[in-house]
Amino acid sequence: MARPFLQATAIALVLAVVPAGTAAMAAVDTDAYRELDQFMDVFARVKATYVDKVDDKVLIKGAIDGMLAALDPHSAYESGLDYDNLKIQTMGSYGGLGLTVTAEDGAVKIISPQEDTPGYRAGLKSGDYITHIDGKLIYGQTLDEAISQMRGPPGTKVALTIIRPGRDKPIEVSLVRERIVQRPVKWEVKNGVGILNINTFSQNTGQAVRAGMAAIEKQLGHAPTGWIVDLRDNGGGLRDEAIDVADDFLNFGEIVSERGREKNDIERFYAKPGDPSRGLPTIVLVNSGSASASEIVAGALQDQHRALVMGVRSFGKGSVQTVLDLGGNTALRLTTSRYYTPSGRSVQEGGIEPDIKVPQISDPDYKTRPVFREDDLRRHLINEVKADDKALMEDTKDDPRFTATPEQLKAKGIEDFQLDYAIKTLARLGPATKAVAKK
């Protein structure tokens, strides 16, 4: 029963499948069976004496969920809707709103809206809480129930009530469901700069980046001034696609390494000869929603001095999950290793610090809206090589470049300050870029 092996690194993970073999079971310590005897005793007592009759599947799933919840935030038992989500995020489509959500203390919190979807166009943001669906309170429901209510046939309507921290009143939005298709890469040209907006690392993302580069050069009739790789609010995806994307900008050198439980359990991944980006100046945009696979790309290009990283500190998820197919539309998602950038940095907890810190001052809520990262999650893995240099880096003075208000920027036609700042930074390199492109 050999099955394809694939690994994923993401906030919302994609499917990686390996067989659930028996070798691991043989390694279970004998003492563990004594603990299992106690578990079966509790199971039997609950079955026999609990006030209501309880289904065996409910008890077993609860026990598995509890076991994995004792590990880290990214290890979980996937079944039903969760299992379907893994497949959807890898290669499928669905009727819905394009929102990635999670459960937090009985509420449904938005992690991020997928770009160019109903949720994104309605202005929903990371950190928003959904309290009502079609006027009905959903507090206390399971996450599966809430997601099922938001999904539905394309063209149908759904109303959401949103609570946004920092706002006094709820926000009411009426949305029309659409067929949500994974489009991992969008491209455009502004002021001679090629912009590659990578929304997720699903299948063929690396190939889509190369296609975007070719399309940009065709539209311009020549090489662009430089590249902007926009990884903002990209929660991750397939590790191999992150490596492929980084390789699109590198001609040699290490991209990432993975390290497991044992000291000698290290696997390194390297760039292949050939550079589709032509060595042109590159800026990578990141924010607090850039996680995992996004951080692999940003960290590799930063460490290899191939790109400037711009924006604000990334999410900080430096662990790798393997998904083992257990059959019956169920799977075990288990953290199996940590990954490290070429210089040996772990992004776990700390994330990727930008070379040039640029806040999104065109967002009216950027100062007051809460930011959630890996180190805010319960039971997150500890960064074993974390260095605390906050005292050295601290600067309490306001940067005069970032004092404009959203209204002032809008009057100048600037809707996205971080992107505009990156474009203007690359535009200054015009003459040098042309010399590089002719080589």
Q) For region 109-168 and region 260-277, what is the separation of their C-alpha centers, rounded to whole Å? A) 39 Å
Q. Counting only the heavy atoms of the protein chains, how much of Leu429 is accessible to a 1.4 Å probe, in Å² to the nearest 10?
A. 70 Å²
Q.
Keeping all protein chains in the complex and leaving out DNA, RNA and ligands, what accessible area do you get for Ile356 with a 1.4 Å probe, in Å² to the nearest 10?
A. 40 Å²
**Q.** Amide H contacts under 5 Å for Asn199, placed H, 5+ residues apart
**A.** Val185, Lys186
Q: Whenever you get a sec, line up Lys169, Lys109, Lys410, Lys424 from highest to lowest accessible area (probe 1.4 Å, protein heavy atoms).
A: Lys169, Lys410, Lys424, Lys109
Q) Looking at Leu143, His132, Gly212, which one has the Cα that reaches farthest to the positive end of the dipole of region 127-213 (charges on Cβ: Lys, Arg +1; Asp, Glu -1)? A) Gly212
**Q.** Where Lys157, Lys61 fall by accessible area, highest first, once all protein chains stay in place (1.4 Å)
**A.** Lys157, Lys61
Q: Would you rank His222, His132 by solvent-accessible area, highest first, keeping every protein chain in place and using a 1.4 Å probe?
A: His222, His132
Q: Apply the Debye scattering formula to region 84-183, with a single equal point scatterer on each alpha-carbon and no solvent, then give log10 I(q)/I(0) at q = 0.10, 0.19, 0.22, 0.24 Å⁻¹.
A: -0.24, -0.90, -1.23, -1.47
Q) Just in region 217-320: which chymotrypsin sites (Phe, Trp or Tyr not before Pro) are loop by DSSP and have at most 14 other Cβ atoms within 10 Å? A) Phe252
Q. Which net charge results for the neighbourhood of Phe43, defined as the other residues with beta-carbon distances under 11 angstrom from its beta-carbon, given Lys and Arg at +1 and Asp and Glu at -1?
A. -1
Q. Considering only Cα-Cα distances, which of the following residue pairs are longer than 21 Å: Lys186/Lys272; Lys367/Lys410; Lys61/Lys109; Lys190/Lys410; Lys109/Lys317?
A. Lys186/Lys272; Lys61/Lys109
Q: Would you mind calculating the gained length between Glu104 and Phe402 on full extension (0.36 nm times residue separation, minus the Cα-Cα distance), in nm to one decimal?
A: 104.0 nm
Q | For Lys190, residues with placed amide H under 5 Å, excluding near neighbours | A | Ile195
Q | For region 226-375, alpha-carbon Rg over 2.2 N^0.38 Å | A | 1.08
Q: Ignoring everything but the protein chains, give the 1.4 Å probe accessible area of Leu81 in square angstrom, nearest 10.
A: 30 Å²
**Q.** Test item: Cα-centred dipole of region 126-247, Lys/Arg +1 and Asp/Glu -1 on Cβ, debye
**A.** 340 debye
Q) What does the charge dipole of region 205-301 about its Cα centre add up to, to the nearest 20 debye, if the Cβ of each Lys and Arg holds +1 and the Cβ of each Asp and Glu holds -1? A) 140 debye
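What is the extension gain from Asp116 to Ala32, computed as 0.36 nm multiplied by their sequence separation minus the C-alpha to C-alpha distance, in nm to one decimal?
25.2 nm
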**Q.** Residues of region 272-291 with amide N under 18 Å of a point placed 7 Å along Cα→Cβ from Ala214
**A.** 274-279
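Would you mind telling me the share, in percent, of accessible area of region 35-181 contributed by carbon and sulfur at probe 1.4 angstrom?
56 percent
Report the extension gain between Thr156 and Ile64 in nm, rounded to one decimal, defined as 0.36 nm multiplied by the number of residues separating them, less their alpha carbon distance.
29.5 nm
Report, in debye and to the nearest 20, how large the dipole of region 251-329 comes out about its Cα centre when Lys and Arg carry +1 and Asp and Glu carry -1 on their Cβ.
Its charge dipole is roughly 200 debye.
The values are calculated or read from the model by the stated rules, or taken from the named source; none is laboratory data. Everything numeric here is computed off the predicted structure, so don't read it as measured data. Reconstructed Cβ throughout: ideal geometry from the backbone, glycine too, with neighbour counts over all protein chains shown. SASA here: full protein model, heavy atoms, side chains in, ligands and nucleic acids out. Shrake-Rupley method; radii C 1.70, N 1.55, O 1.52, S 1.80 Å.
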